[in-house]
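Encoded as structure tokens, the structure appears first; notes follow it.
The values are calculated or read from the model by the stated rules, or taken from the named source; none is laboratory data. Please read all numbers here as calculations on a predicted model, not as lab measurements. Cβ placement follows ideal geometry from the backbone for every residue including glycine, while neighbour counts extend to all protein chains displayed. In case anyone asks, the SASA skips ligands and DNA or RNA and just uses the protein heavy atoms, side chains included. Shrake-Rupley method; radii C 1.70, N 1.55, O 1.52, S 1.80 Å.
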Amino acid sequence: MEQRQLGRTGLRVSRIGLGTLTWGRDTDEHDAADQLKAFWEAGGSLVDTADVYGGGDAEYLLGQLVERLVPRRDLVIATKAGSVLDPDRRFDCSRGHLLSALDDSLARLGTDYVDLWQIHAFDPGAPLDETLQALDIAVSSGRARYAGVSNFCGWQLAKAATWQLAAPGVRTRLASTQMEYSLLQRGVEREVLPAAIDLGVGLLPSSPLGRGVLTGKYRQGTPSDSRGASEMLGPFVEPYLDEMADSVVDAVLTAADGLATTALHVALAWVRDRPGVVAPIVGARNARQLAAALSVEALTLPDEIRRALDDVSAPVHRYPDQDWSTL
């Protein structure tokens, strides 16, 4: 699998990442082991998790598999901190909570360091400089090699990345931002992606298959074994089961038919090769499903198909994103 630089850092990662959102909850140890082995054998290196995935079980499961199945040195392990299971406060990005959460993640993962440590979301209840200081401490102490953020809007990302570049002292450059990005969710193109490109921050798209909708499996209803049918993830999929999504999925299926490939491959190749994108994060139920996604490596969309998909899924971006003199 092709490797790409993560932002303006020396870290190289596979251009497809393995997501572990369902590990320890819907994905058991056997399926997780098969996925990790298949991913590694395909040349994959970037494995993304978070301290709240499966209530911590995703990290624990990954930690049990590393070294036993795959050498630690061959993986780029990325995790996140900042989300909390508190109905009154969804995020806690105070320095104390973040550093404590990192220590807990390292214990579950069974490793002395993570390759990429990410702030899971912006916390308006914590001073941003305090949150960013936790990243500096994590890197300077050797507990994290690189640092990033997740779910930061444009101004939040720009402020954080600029602070890390401009503030006095030894600060850790932001290597990445993880955001949802697909043919069904192109909101990052409004401000996040331009900021990331300008500041040298690599984009790691989550849900690159539109929460599974872009595979076309929901065109005839909701399959009983799909995420859309599960009590926990059904509400996550439902917003993309509308008429607008139908028209985009139809275009993806048409492109797939013309290229003699699958809708999954078309949708994944489109986002993988967007400007500023480093590695889409792909989650799967089992190794067979993951292998189908990883086989996208051989596909590059022809320009005319890419442009057609751009057009059918284009978000409305007017003032102030366009040159005001053209409006």
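Per the Kirkwood treatment, what hydrodynamic radius in Å, one decimal, follows for the chain from the mean inverse distance over all distinct Cα pairs?
Final number for the Kirkwood radius of the chain is 20.2 Å.
Once neighbouring chains are kept in place and the probe is 1.4 Å, which whole percent of the accessible area of segment 1-116 is contributed by carbon and sulfur?
C and S atoms contribute 44 percent here.
Of all the accessible heavy-atom surface of segment 146-219, with the other protein chains kept in place and a 1.4 Å probe, what percent is carbon and sulfur?
56
So what is log10(I(q)/I(0)) for segment 9-80 at q = 0.12, 0.27 1/Å, when the Debye sum runs over its Cα atoms only?
The Cα Debye sum returns log10 ratios of -0.27, -1.35.
Which parts of segment 184-206 would a label at ASP250 reach, counting a residue when its backbone N lies under 18 Å from a point 7 Å out along Cα-to-Cβ?
In segment 184-206, the label zone of ASP250 (backbone N under 18 Å from the point 7 Å along Cα→Cβ) covers 184.
Just need the Rg to Rh number for segment 260-327, please, alpha carbons only, Kirkwood Rh.
Details: Rg = 15.6 Å, Rh = 14.2 Å.
A ratio of 1.10.
Kindly provide the Kirkwood hydrodynamic radius of segment 74-199 in Å, to one decimal, from all pairs of distinct alpha carbon atoms.
14.9
What nm value, rounded to one decimal, do you get for the distance between GLU41 and ARG72 when each label is placed 7 Å out toward the C-beta?
2.5
Using Cα pairs under 8 angstrom and six or more residues apart, how large is the relative contact order of the chain, in percent?
Dividing the mean separation by the residue count of the chain yields 18 percent.
Largest first, how would ILE305, ILE197, ILE16, ILE137 line up by accessible area (1.4 Å probe)?
ILE197, ILE137, ILE305, ILE16
Which value, in nm² and rounded to one decimal, describes the direction-averaged projected area of the C-alpha convex hull of segment 1-120?
On the way: hull surface 30.4 nm².
The Cα convex hull of segment 1-120, projected and averaged over all directions, gives 7.6 nm².
What whole-number value in Å² describes the accessible area per residue of the chain for a 1.4 Å probe?
44
Would you list LYS37, LYS80 from the most to the least accessible area, probe 1.4 Å?
LYS37, LYS80
Convex hull over the alpha-carbon atoms of segment 103-151: what's its volume per residue in Å³?
75
Could you work out which residue, out of TYR218, TYR60, TYR181, moves most in a Gaussian network model of the chain, that is, has the largest mean-square fluctuation with Cα springs under 10 Å?
Evaluated over the chain, the most mobile residue of the options is TYR218.
Which part of segment 49-83 falls in the paramagnetic zone of GLU29, meaning amide N under 16 Å from the point 7 Å along Cα-to-beta-carbon?
Under cut-off, by backbone N: 57-70.
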